[in-house]
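Asker: Quick one: the structure is below, and I'll ask about it shortly.
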Amino acid sequence: LRQLCESCSWLQVRSEPGGDWSALLLGRPALFVDYHCPEDVFPAKMWQEIEVFFRSGTKYVFPGGRYECAQTLQSMNVPFLRGRSLGEVCHIVQLAISVKKILGYHRGKIVPYDHSSAQAKAKCAEQLQRFASGADEGFPAATWDNFPAYLQCLLTELPAHESGIRLSNLKSIFQARFHTTLSETVLGHTKLSELLDDAQLRSICFVRLKDNGYIVAPQRQHLSISDLLAEDSEDTGGAASASTSWPLTPATTVPVAVTPATTSPHQSESSESARATDTDVAESAEGASPTSRGIRDRDAGTSPKAGMAMARTHCHQAGWLEECGLQVQNTFLQAVPSLEGVARRRTRSWSPFRAAESA
């Protein structure tokens, strides 16, 4: 449908938030109501009348769609909606659900909030109890003692070509992998997206829009050079720190910028060119080094620039970047001679996905 609209000379297609889109007639003003807007532009008296109407005890049941619900309300000729356009009523329905908690959903229908699943879930979340869904198959519920570790494990096990887990599939994947039910109410939340935005999980994951759905992606972390060198020093009995020939600020932290690899011919040529340049620098360093290869040079005289080139060259030679399917930008290391040893040992001992996940 979108392709058909884009091919029509009478229409202008626009992308909308949340992966949505719209088609507008050219030459006509776009006098539409944005029912996604969270701003309440309606009078307080109207909301009071709506609350009295829906909390009178009558169990109203409306169609599950915002548009159909607004049409039904208009047909009831209720006094607080007289003179309102259909777009305004759609906006009122949206605000009543998402902000005012006057309406809610129950089994696919829109009902007064007191009879909705959202209200029942809110009570369960307050008491840290499981909201009965009938899909847990008797498995225990995840708790804050194990949920962060389980979630990090799931994200670590992602294939290299996957950037995250679809939010709609997270519960079923979690249950199949750990034989544990993921219940947001047991963890104190009414929505799964709100749970994943909890402060205790922000260092592990984040939710973002991809294509037409939301995914749970591993959180991008920062690489601390001082921590990396200290860890490598422990592994090698202190040899790595002795080879550092230029000063580092203890708190120096370099962000590791990771972007998905592309396969365009232009970028492939650029990658090959950069690789060749790095190899040339490494070979130049090799000629001045007493060792057999430039990337193994730990002499104090090695320059930072040459050290970075050596580390990058070794990463390419080890196949680390290609296996991960990633391109690491030039800022990934403020290279020092000892860092090439760190990179070499880690490419041997880490799986490609774990290396990318650490970055």
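The values are calculated or read from the model by the stated rules, or taken from the named source; none is laboratory data. Because the structure is a prediction, the values reported are computed rather than measured. Don't worry about glycine lacking a Cβ; one is built from the backbone with ideal geometry, like all the others, and counts go over all protein chains shown. Heavy atoms of the whole protein, side chains included, go into the accessibility calculation; ligands, DNA and RNA do not. Shrake-Rupley method; radii C 1.70, N 1.55, O 1.52, S 1.80 Å.
Asker: May I ask you to say which residue of Thr190, Thr156, Thr180, Thr143 is in contact with a helix residue (DSSP H, G or I) (Cβ under 6 Å, 6 or more places away or on another chain) and over 24 Å from Gly19 (Cα atoms)?
Answerer: Thr156
Asker: Among the residues of segment 163-202, which ones are farther than 19 Å from Ala141 by Cβ, open to solvent by 80 Å² or more (accessible area, probe 1.4 Å), outside any helix (DSSP H, G or I) and of a type outside the set (Lys, Arg)?
Answerer: Hit for segment 163-202 is Asp197, nothing else.
Asker: Regarding segment 66-84, can at least one residue be identified that is farther than 25 Å from Asn212 by Cβ, part of a helix (DSSP H, G or I) and touching a strand residue (DSSP E or B) at 6+ places or on another chain (Cβ under 8 Å)?
Answerer: Start the filter on segment 66-84 by keeping residues that are farther than 25 Å from Asn212 by Cβ, which leaves 71-84.
Now restrict to residues that are part of a helix (DSSP H, G or I): 71-75, 79-81.
Filter once more, keeping what is touching a strand residue (DSSP E or B) at 6+ places or on another chain (Cβ under 8 Å): 72-73.
Taking every residue of segment 66-84 in turn, at least one turns out to be farther than 25 Å from Asn212 by Cβ, part of a helix (DSSP H, G or I) and touching a strand residue (DSSP E or B) at 6+ places or on another chain (Cβ under 8 Å).
Asker: Check whether at least one residue in segment 80-95 is closer than 30 Å to Arg130 by Cα, among the aliphatic types (A, V, I, L, M) and at pLDDT 95 or above, and report yes or no. Steps first, answer last, please.
Answerer: The first filter runs over segment 80-95 and keeps only residues closer than 30 Å to Arg130 by Cα, leaving 93-95.
Now narrow it down to the ones that are among the aliphatic types (A, V, I, L, M): 93, 95.
Those still in the list that are at pLDDT 95 or above too: 93, 95.
Yes; the residues of segment 80-95 include at least one that is closer than 30 Å to Arg130 by Cα, among the aliphatic types (A, V, I, L, M) and at pLDDT 95 or above.
Asker: A further question on this structure: Mind listing just one residue for me: the one in segment 135-162 that is aromatic (Phe, Trp, Tyr) and open to solvent by less than 60 Å² (accessible area, probe 1.4 Å) and, of those, nearest to Ile204 (Cα to Cα)? First the steps, then the outcome.
Answerer: The first filter runs over segment 135-162 and keeps only residues aromatic (Phe, Trp, Tyr), leaving 139, 144, 147, 150.
Then drop every residue that is not open to solvent by less than 60 Å² (accessible area, probe 1.4 Å), which leaves 139, 147.
Values: Phe139: 24, Phe147: 11 Å.
Applying the filter and picking the extreme gives Phe147.
Asker: Phe131 fails exactly one of the following numbered conditions: (1) in contact with a Phe, Trp or Tyr (Cβ under 8 Å, 6 or more places away or on another chain); (2) of a type outside the set (S, T, N, Q); (3) open to solvent by 20 Å² or more (accessible area, probe 1.4 Å). What is the number of that condition?
Answerer: Phe131 satisfies every listed condition except (1).
Asker: Report yes if Ala149 is free of Cβ contacts under 8 Å to residues at least 60 places away in the same chain, small (Gly, Ala, Ser) and closer than 23 Å to Gln48 by Cα, otherwise no. It would help to see each step written out before you state the result.
Answerer: Details: free of Cβ contacts under 8 Å to residues at least 60 places away in the same chain: yes; small (Gly, Ala, Ser): yes; closer than 23 Å to Gln48 by Cα: no.
Against the criterion (free of Cβ contacts under 8 Å to residues at least 60 places away in the same chain, small (Gly, Ala, Ser) and closer than 23 Å to Gln48 by Cα), Ala149 does not qualify.
Asker: Which ones in segment 95-118 are open to solvent by 40 Å² or more (accessible area, probe 1.4 Å) and of a type in the set (S, T, N, Q)?
Answerer: We begin by selecting, within segment 95-118, every residue open to solvent by 40 Å² or more (accessible area, probe 1.4 Å); these are 98-101, 105-109, 114-115, 118.
Of everything in segment 95-118, just one residue is open to solvent by 40 Å² or more (accessible area, probe 1.4 Å) and of a type in the set (S, T, N, Q), namely Ser98.
Asker: State which residue is farthest from Asp40 (Cα to Cα) when the search covers only segment 85-94 and only residues that are assigned to a helix (DSSP H, G or I) and open to solvent by 20 Å² or more (accessible area, probe 1.4 Å).
Answerer: As a first pass, look at segment 85-94 and keep what is assigned to a helix (DSSP H, G or I): 86-94.
Next, from what is left, pick out any that are open to solvent by 20 Å² or more (accessible area, probe 1.4 Å): 86-88, 94.
On the way: Leu86: 16, Gly87: 14, Glu88: 11, Gln94: 10 Å.
By that ranking, first place goes to Leu86.
Asker: Here is a further query. Test Val52 against the criterion of being at pLDDT below 95, open to solvent by 90 Å² or more (accessible area, probe 1.4 Å) and not in a loop (DSSP other than H, G, I, E, B), and give yes or no.
Answerer: Working: at pLDDT below 95: yes; open to solvent by 90 Å² or more (accessible area, probe 1.4 Å): yes; not in a loop (DSSP other than H, G, I, E, B): yes.
It is true that Val52 is at pLDDT below 95, open to solvent by 90 Å² or more (accessible area, probe 1.4 Å) and not in a loop (DSSP other than H, G, I, E, B).
Asker: Assess whether Phe42 counts as being out of contact with any Gly (no Cβ under 8 Å at 6 or more places or on another chain) and either of a type in the set (D, E, K, R) or without any contact (Cβ under 8 Å) to a residue 40 or more places away in the chain (or both).
Answerer: Numbers: out of contact with any Gly (no Cβ under 8 Å at 6 or more places or on another chain): yes; either of a type in the set (D, E, K, R) or without any contact (Cβ under 8 Å) to a residue 40 or more places away in the chain (or both): no.
Against the criterion (out of contact with any Gly (no Cβ under 8 Å at 6 or more places or on another chain) and either of a type in the set (D, E, K, R) or without any contact (Cβ under 8 Å) to a residue 40 or more places away in the chain (or both)), Phe42 does not qualify.
Asker: Any residue at all in segment 21-35 that is assigned to a helix (DSSP H, G or I), open to solvent by 80 Å² or more (accessible area, probe 1.4 Å) and under 17 Å from Arg66 (Cβ atoms)? I'd like the intermediate steps shown before the answer.
Answerer: As a first pass, look at segment 21-35 and keep what is assigned to a helix (DSSP H, G or I): none.
No, the conditions are met nowhere in segment 21-35.
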